[in-house]
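The values are calculated or read from the model by the stated rules, or taken from the named source; none is laboratory data. All values derive from a computational prediction rather than experimental measurement. Methodologically, a virtual Cβ is constructed for each residue, glycine included, from the backbone with ideal geometry; neighbour enumeration extends over all protein chains shown. Just so you know, the surface numbers come from the protein's heavy atoms only, side chains and all, with ligands and any DNA or RNA stripped out. Shrake-Rupley method; radii C 1.70, N 1.55, O 1.52, S 1.80 Å.
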Amino acid sequence: PAARYAPAIVVGSGYGSAVAALRLGQAGVRTVVLEMGRLWDTPGPDGKVFPSTSAPDQRSMWFRTRTEAPLATFLWLDVVNRDISPYPGVLDRVNYGDMSVYVGRGVGGGSLVNGGMAPTPRRSYFSEVLPQVDADEMYGTYYPRARAMLGVNSIDPDWFESTEWYRFARISRKHAQNTGLKTTFVPNVYDFGYMRREAAGTATRSALAGEVIYGNNHGKKSVDKTYLAAALGTGNVTIETMQRVVAVRQDPAGGYVLTVRTSDVTGKVTQVRELGCDRLFLGAGSLGTTEILLRARETGALPALSDRVGRNWGTNGNIMTARANHLWDTVGANQATMPALGIDDWDNAANPVFAEIAPLPMGIEHWISMYLAITKNPERGHFTYDAATDSARLQWTRDQNAPSVAAAKNLFDRVNLRNFTMYRYDLFGENKAFADTFTYHPLGGCVLGEATDGYGRVKGYRGLYVTDGSLVPGSLGVNPFVTITALAERNMERILAEDPR
Ligand code: FDA
């Protein structure tokens, strides 16, 4: 048995972990957060913490020699990606054969790199996805709590109508309306008041300087600025960075023992430690948490884990697509990087789609309308353990994304038909109109009520919890972080009230 390092250890520092850390700290439980990425608080040689999206350097991606941006090409030319030196950069792309998954790395997890969109799902769809969760409680208590803590705010509609920075969204809205589709404002955790000051020239630009996916230097309320700051403020929580949890076993004396690798910025492992704790909260994200538990089951470290660990994984139906507009329908050289509007056709029972109107800030007029469509894809992937590489492999084939492509195509074929426009084929590689080989919204792998009980307690093991996006069975119909946060709030409240210390 290893020495007890802390009463509670939280693995990862994204949304789920941040909620766990704060609520444990407030309950007086001494807690250590272990994060494999770095803390993003120190400016580089250019005076900025995060690199710019147009000229990414080593800070942009997790140990790469070349960036792997979602929009790889323009006019079929590889003009977007850049050679970089390997470094613990903020965005990772985990490539599994037919599916690649973008995730954030660092204190704050995905909140550092994402687009900040903070919608709450349709209540009816939430109940379809997670029928065992009391929706009254979620919509009455935990969603409002999560939104308040995360700093969710809405764009001023008058400013939206008048600013050049959202012209791209107004053009897409016009084309949606011509098609008989309805659009809706989408709240965000980027401070829209700050953005207006950027536009007025009284604040340093971030969303209006093309910043997103490799981090925002200003304006965005990532969880290191909200939940994690509050967690540290309790005096009971500490965060250790560049710490990768690779194994978990039970301590015969009670609790759990983690094997943790410390790395330096070159990626060299500088230390391997065994850390003991009474209670362990896994918040390493859908990929990270699932891999830790799958490895523990398959290597015999935690043999009683459910055979549902590694199952029921989905992409949230993510598909990107782009349309070419007529020359008179300009989208503007100036585009804010935070989406503020979505085409909401989720109530169309035959073809439910929620399509966020995405910016493509290139500093020039390009007449492109971009979308991230969220579709209802019933296909699910699962993970297998590969002993040779000691890692989890996602089993997902390209044809499993056919329902998502069909749904996005159904909607945007109608938009193109009504507006006499066409798709762009040059943006996603392979001469195709639909990006169907990556997702920003990995969900599932340790699903609530399957691999865990109804509150994220891992089946078969006391004092072991899952607190992140792996609890959600593959689909939510909208961008997921508000739901991941609200679910973690609900589960932590119950766990802290009921479970022995
Ligand atoms: P999350 O992935 O946030 O955090 C997990 C953390 O654990 C990471 O910091 C990771 O480094 C760490 N970790 C993993 N394995 C570890 C190990 N073995 N040891 C130690 N640490 C480990 N969502 C949304 O609602 N609105 C949006 O606009 C967007 N936009 C968007 C854009 C982009 C580019 C991306 C990549 C993602 C989005 N998302 C999004 C998705 C959203 O960011 C995502 O759903 C959440 O971050 C998931 O939260 P979790 O708490 O599950 O894990």
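Using Stokes-Einstein with the Kirkwood hydrodynamic radius over Cα pairs, what translational diffusion coefficient do you get for the range 50-151 at 37 °C and a viscosity of 0.692 mPa s, in µm²/s rounded to a whole number?
On the way: Rh = 16.4 Å.
D, rounded to a whole number, is 200 µm²/s.
When all alpha carbon pairs of the range 129-280 are counted in 5 Å bins from zero, the resulting P(r) reads 2, 7, 9, 11, 12, 13, 14, 11, 8, 6, 4, 2, 1, 0 %. Loop-resident chymotrypsin sites (Phe, Trp or Tyr not before Pro) (DSSP state other than H, G, I, E or B) in the range 406-501 with no more than 16 further Cβ atoms inside 10 Å of their Cβ: 420, 425.
Sorted from greatest to least, the principal axis extents spanned by the alpha carbons of the range 393-437 come out as 42, 21, 10 Å. Mean sequence separation of contacting Cα pairs (under 8 Å, at least six apart), scaled by the length of the chain, corresponds to a relative contact order of 22 percent.
Listed by chain and number, the lysines placed with their C-alpha closer than 23 angstrom to that of residue 376 are 182, 409, 432; residues fewer than eight positions away on the same chain are left out.
Going by accessible surface with a 1.4 Å probe and the largest first, 249, 501, 244 read 501, 244, 249. Ranking 120, 238, 228 by Cα position along the charge dipole of the range 115-257, where only Lys, Arg, Asp and Glu carry charges on their C-beta atoms, puts 120 farthest toward the positive end. In the range 141-253, with Lys and Arg counted as +1 and Asp and Glu as -1 at Cβ, which of these residues, 185, 202, 215, has the Cα nearest the positive end of the dipole, that is, farthest along it? So the residue furthest toward the plus end is 185.
Report, to the nearest 10°, how far helix 15-26 tilts away from the longest principal axis of the Cα atoms in the chain, using its own Cα long axis and a range of 0 to 90°. The answer is roughly 50 degrees. Rg then Dmax, both in Å and based on the Cα atoms of the range 1-107: 17.7, 59. Restricting the calculation to alpha carbons of the range 149-224 gives Rg and Dmax of 13.7, 42 angstrom.
Directionally averaged projected area (the range 211-259, Cα convex hull): 5.5 nm².
Give me the percent of accessible area attributable to carbon and sulfur for the chain, probe 1.4 angstrom. Spell out each step's value before the answer.
Working: 9550 of 18330 Å².
Whole-percent figure for carbon plus sulfur exposure: 52.
Annotation: average projected area of the range 370-501 is 10.9 square nanometres, based on the convex hull of Cα atoms across all directions. Its alpha carbons considered, the range 256-310 gives a radius of gyration followed by a Dmax of 12.9, 37 Å. Angle of helix 402-419 to the longest C-alpha principal axis of the chain, folded into 0 to 90 degrees and rounded to 10: 20°.
Compute the orientation-averaged projected area for the chain from the convex hull of its Cα atoms and round it to one decimal in nm². If you can, show how the numbers build up before the last one.
Values: hull surface 88.0 nm².
So the mean shadow area of the Cα hull is 22.0 nm².
Place +1 on the Cβ of every Lys and Arg and -1 on the Cβ of every Asp and Glu in the chain, take the dipole about the Cα centre, and give the residue among 387, 24, 106 whose Cα lies farthest towards its positive end. Looking along the dipole axis, the top candidate is 24. Bridging of residue 48 to lysines at a Cα separation below 30 Å is possible for 220, 221, 225, 268, once same-chain residues fewer than 8 apart are set aside.
For the chain, what is the charge dipole size about the Cα centre, in debye to the nearest 20, if Lys and Arg each add +1 at the Cβ and Asp and Glu each add -1 at the Cβ? Mind showing how you got there, number by number?
Numbers: 52 positive and 50 negative charges, 71 e Å.
That gives a dipole near 340 debye.
When the chymotrypsin sites (Phe, Trp or Tyr not before Pro) in the range 1-89 are filtered for DSSP coil states and for at most 15 other beta-carbon atoms within 10 Å of their beta-carbon, the remaining sites are 76. Ellipsoid fit via the Cα gyration tensor, the range 298-415: semi-axes of 38, 18, 12 Å, each the root of five times an eigenvalue, largest first. Using only the Cα atoms of the range 221-347, each taken as one equal point scatterer with no solvent, compute I(q) by the Debye sum, divide by I(0), and report log10 of the ratio at q = 0.09, 0.10, 0.15, 0.18 Å⁻¹. One equal scatterer on each Cα of the range 221-347 leads to -0.50, -0.59, -0.98, -1.17.
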